[in-house]
Every structure is written in C-alpha cells, then in structure tokens.
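Chemist: Below: one structure in structure tokens.
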Amino acid sequence: MQLLEWLFKVPNGTAAVTAKDRMRNMLVHDRLELPAGKLEVLEEELTAVVARYFDLEPDTTRFDLQQMDRKAALIANFRLVRSKC
Amino acid sequence: MSGRVIVITSGKGGVGKTTASANIGVALANTGASVCLVDMDIGLRNLDILMGLENRVVYNLVDVVEERCKLRQALVKDKRMPNLNLLPAAQTRDKTAVDADQMKKLCEELKSMFDFVLIDSPAGIESGFQNAIAGAEEAIVITTPEMSAVRDADRIIGLLEARKDEITQYRLVLNRIRPKMVANADMMGVDDVLEILSIKLLGVVPEDEDIIISTNKGEPVSGTDNTRSGLAFRNIARRLRGEEVPFMDLDAKTDTWVTKIVNFFNPVRV
C-alpha cells in the first residue's frame, strides 16, 4: 500500500506559495519601516472619517497593504449604505 | 583605461558572495578582459582560498591603504590567467582598518589598471558593507530562494537605491536554485523571487555539488567545462559584457511513477 502511495502520489507542495505570501507581507512592512500598531491606528482613524459621511455596513471594512513594484499601496474597502449628508 | 567597479553583495552570509566573485572573475578573465578581484571581507579572508592562491599572498589591501607596499606588489596574479588578479584582504585586522574615502581612492586607481574591478563585500549592512560599496558604480546582489536571504537582499536593495547617484545599476543573481523542489512547489522559484524583489535579473545558478569540489581544488567551476553552475557563471560574465544570453532552462519535470522507479535504481545528483 505504501509502495503504491509512493509511486502515484502527485506532488502537492504549498510551501512555495506560503513562503511567497509571507515574504510579500513581511517586506511591505520592512520597506515602510512602520512601527508596530501604527497601521491599526490609521485604519481606525480612516474609518472614523468615512463614517462621518456615510453609514457603513458593519464589519465589512477591509484594509490591505499590497506591494506595487518596490513601493506599497494601502487598499481600503468601505461598504457604504447611505449618505449621512 | 577606465574600468567598471562592481560590488558583489548580499546582506546575509553564506549565500555565495565569495563563490560568485571568484567564478564571475574567472569567467570575465576568460572572455579576455583584465580583472581584479578585491576581497573586502577584512579579517575573514576567503577569496584567496577559492582561487587557489592562498600560498601566494604576501601583502594585502590594508598594507596598500596604509602604504606599506605599492598596489602592484599586493596584487596576486592568477597562475592560470595573467589577466586575472587578486587583491587579498588582511586576515589579522578588522573592518575598521579601511574607510570609505580610502576605498574610493583605491577603486579609482584599480579601475585605471583593469577592465573589471570586482569587490567581494562582507556580509551585513554595517561599516564593512558601506566601505565595500564606497567606490562601486554597479552592484550584483546575490540571494538564494530562502526567505531569510531574500529579506536581507531586499534590505541591501533598499540601501543601494538610496545611493542611486553613485551606484547606477544593480542586478540580481539567484544562487542555489533547486529545480526539482521548485517544480514541486516546495520552494520559491526565479519568478517568485523576482516578483517579490522587483529587480532585474543577471543570472540564475543551480545548486551544484561541483561547487564544493572546485572550492576544495581551488579552481573556480566557471573555468572548467561540463558543469551547470560553471555555465551559469560564464553566462553572467557574458551578460555583464553586454551580450544578450538567454537564461538557463532550469525547469525540472515533476516525478512520475516511471521516473521514480528509474531514479530508485539509478540515483542521480540533482
């Protein structure tokens, strides 16, 4: 049984994908030299500003720090329900 | 003559800076260029060993800087190729023995004598590294596909970017690629690393046991035929000289049940 498994097992490595994802995330923070916790504070403040103008769908706001070439991009996603103005 | 001063650097130790320096130096010399290899790893001299020149070192870089000898007296001519020279590091001093201005002056003098001045940088990002890049106009960043090496390479690229005015070009050599592990998605491949670092590629060198053998013999692998790593280094030298050389096809096929049986009875080195 073990022999059959050894013969026909298709490689299904995920270590490369995991490594790449971890690297991307790590380097975005490394390059910005961002002190721990600062990003969370910024996200809270941004959310508060948008919430002054719109009702936001609860628990749907997403922030994502992405690599763009050797720079970083902060992608924010707010789900707006209606204007407060 | 005004040669090119190229620093070979990595951040992390043990990724192959010295091996790459020796091999690219030999390969460049084989194309007919005059080359001087400079070992800037003061206190941890190794480039002489890889070149098989350890018994011929008389004076060193620190002797030149402190004017105990003339530059020409400190240069060790390679016995196989008269156009290949080594300026050895001092073994008994440390990184503070030379400063950035002295290094700039030394590089100026060397580039009036040689087509290529290749500087083997020490690991780290402190004074030893800063001095090694002080006189350079180009850089080769070496990394392996491991996360820690890539992270350190990224830091080095950031530091090189900050000196854009002096160092006008830097490219990546990805060392010790293991095609089979990449094919099985067990480790990052060339494209992954390039995407993460956003840097131009100069060369890809496969993991190769011949490197260990050649180091033991003191004959860099790029000087001998029939090795994959040697060919990779020769290609790097040609690209440095401006030739367009296609990158090596390192794609390994994933194992099927047939290759598994064949390999079981006939183990091959990968």
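Chemist: Test of understanding: among B:Ala139, B:Ala90, B:Ala123, which residue is among the small types (Gly, Ala, Ser), open to solvent by 10 Å² or more (accessible area, probe 1.4 Å) and not in a helix (DSSP H, G or I)?
Modeler: Of B:Ala139, B:Ala90, B:Ala123, the one residue that is among the small types (Gly, Ala, Ser), open to solvent by 10 Å² or more (accessible area, probe 1.4 Å) and not in a helix (DSSP H, G or I) is B:Ala123.
Chemist: Still on this structure, I have one more. Looking only at segment B:162-195, which residues are under 18 Å from B:Lys12 (Cα atoms), within 20 Å of the chain's Cα centre (by Cα) and within 13 Å of chain A (Cβ to nearest Cβ)?
Modeler: B:Tyr170, B:Leu172, B:Ile177, B:Val193, B:Leu194
Chemist: Scan segment B:157-176 and report the pairs whose first residue is in a helix (DSSP H, G or I) and at pLDDT 95 or above and whose second residue is open to solvent by 30 Å² or more (accessible area, probe 1.4 Å) and hydrophobic (A, V, I, L, M, F, W, C), with Cβ atoms within less than 9 Å and a gap of 6+ or a chain change.
Modeler: B:Leu159/B:Ile125
Chemist: Here's a follow-up. With B:Ala149, B:Ala132 as the choices, which residue is farther than 23 Å from B:Ile49 by Cα and open to solvent by less than 60 Å² (accessible area, probe 1.4 Å)?
Modeler: B:Ala149
Chemist: Hey, does segment B:59-69 have a residue that's open to solvent by less than 10 Å² (accessible area, probe 1.4 Å), out of contact with any Ser or Thr (no Cβ under 6 Å at 6 or more places or on another chain) and closer than 17 Å to B:Ala132 by Cβ?
Modeler: yes
Chemist: State all residues of segment B:207-227 that are touching a residue at least 24 places away in the same chain (Cβ under 8 Å), outside any helix (DSSP H, G or I) and open to solvent by 50 Å² or more (accessible area, probe 1.4 Å); if no residue qualifies, say none.
Modeler: Of everything in segment B:207-227, those that are touching a residue at least 24 places away in the same chain (Cβ under 8 Å), outside any helix (DSSP H, G or I) and open to solvent by 50 Å² or more (accessible area, probe 1.4 Å) turn out to be B:Glu207, B:Glu219.
Chemist: Residue check, B:Gly43 against (1) in contact with a helix residue (DSSP H, G or I) (Cβ under 8 Å, 6 or more places away or on another chain); (2) surrounded by 24 or more Cβ atoms within 10 Å (Cβ to Cβ); (3) of a type outside the set (Phe, Trp, Tyr), all met but one. Which one?
Modeler: (2) is the only condition that B:Gly43 fails.
Chemist: Has segment B:247-269 got at least one residue that is at pLDDT 95 or above, in a loop (DSSP other than H, G, I, E, B) and open to solvent by less than 40 Å² (accessible area, probe 1.4 Å)?
Modeler: No: zero hits.
Chemist: Which condition from (1) surrounded by fewer than 18 Cβ atoms within 10 Å (Cβ to Cβ); (2) over 20 Å from B:Ile236 (Cα atoms) is the one that B:Met187 breaks?
Modeler: Every listed condition holds for B:Met187 apart from (1).
Chemist: Just need a number here: residues in segment B:67-87 that are touching a residue at least 24 places away in the same chain (Cβ under 8 Å) and part of a strand (DSSP E or B).
Modeler: 5
Chemist: When residues of segment B:1-54 are filtered for being over 20 Å from B:Asp208 (Cβ atoms) and among the β-branched types (Val, Ile, Thr), how many remain?
Modeler: Final tally of qualifying residues: 8.
Chemist: Take the residues in segment B:196-206 that are touching a helix residue (DSSP H, G or I) at 6+ places or on another chain (Cβ under 8 Å) and not in a helix (DSSP H, G or I); name whichever of them is farthest from the other protein chains (Cβ to nearest Cβ).
Modeler: Of everything passing the filter in segment B:196-206, B:Gly203 is farthest from the other protein chains (Cβ to nearest Cβ).
The values are calculated or read from the model by the stated rules, or taken from the named source; none is laboratory data. Everything quoted here is computed from the prediction, not taken from an experiment. For neighbour counting, all protein chains shown are included, and Cβ atoms are generated from backbone atoms with ideal geometry for every residue, glycine included. These area figures cover heavy atoms from the full protein model, side chains too; ligands, DNA and RNA do not enter into them. Shrake-Rupley method; radii C 1.70, N 1.55, O 1.52, S 1.80 Å.
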